[in-house]
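Participant: The structure that follows is given in the form of structure tokens.
Bear in mind these aren't lab numbers, they're just calculated from the coordinates by the rules spelled out. In this text, all values refer to a predicted model and were calculated from it rather than measured experimentally. When we count neighbours, we look across all protein chains shown, and the Cβ atoms used for this are built from the backbone with ideal geometry, even at glycine.
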Amino acid sequence: MSKRLFVSVDLDGLEDAVRDVQARFEGASGLRFTDPAQAHVTLKFLGDTDPNRLDDLTVELERAVADSGITPFEARFGGLGAFPSLDYISVVWVGVREGHGDAELTALHEAVEDRTVAMGFDPEDHEFTPHATVARMDHAGGKERVQRVVEDEDPDVGRLQVEEIRLTESVLRDDGPEYSTVSSVTL
């Protein structure tokens, strides 16, 4: 049975700060919050993957880290945004401050993208923006409130020492996805 996988940098230790950001949107109709304990930056969504490929995938992620030349670094999370746009909100996210980890996360994404596409995984169809999803918009009932918070507030979420990337499995449950680490690769 295939596993639904992605490659991530997890926001370990920033759960309370993510929860504080989510509180700014309290009462916005149609907004569904993600679990702050599962906050992460997705470097690459792989989708359904044959479990027999896990060892090869981990080796390729090790090679991607080596290709990137990235060593442990500090990332600063803060600011808000929405995908695909503020006019049509599907996802609300916390970003990575420019000059504070965004270049390193982008380099890791590009190296992981190159290695996984070479393995036959689908290439990304959009530009990479380092972010952690904090909520999803199911309907536009609270859209104006969400727009106002995203435009007017610039929360600091915190600093994170990034020392590894993780191959993560996502199991979809009725109450939201459940994530577990399949393997991790040290920077």
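Participant: Compute the length gained on full extension between residue 50 and residue 136: take 0.36 nm times their separation in residues and subtract their Cα-Cα distance, giving the result in nm to one decimal.
Facilitator: Taking residue 50 through residue 136 to full extension adds about 28.1 nm, to one decimal.
Participant: Which entry in [x] 18.5; [y] 16.4; [z] 17.0 is this structure's computed Kirkwood radius over Cα pairs in Å?
Facilitator: The value matching this structure is [z].
Participant: To make sure I understand, if each residue's beta carbon is the centre and we count other beta carbons within 10 Å, what order do 68, 8, 29, 85 fall in, fewest to most?
Facilitator: 85, 29, 68, 8
Participant: Before rounding to the nearest 500, sum -39500 (n - 2.57) across all DSSP H runs of length at least 4 in the chain and divide by the residue total; then give [θ] at 222 nm in deg cm²/dmol.
Facilitator: The helix-only estimate for the chain comes to -8500 deg cm²/dmol at 222 nm.
Participant: Now a separate question. Out of residues 5 or more away from residue 135 or on other chains, whose amide H comes under 5 Å of its own, with H placed 1.01 Å from N in the peptide plane?
Facilitator: The list, which skips near neighbours in sequence, is 34, 92.
Participant: Report the gain in length on full extension from residue 181 to residue 103: 0.36 nm times residue separation, minus Cα-Cα distance, nm rounded to one decimal.
Facilitator: 25.6 nm
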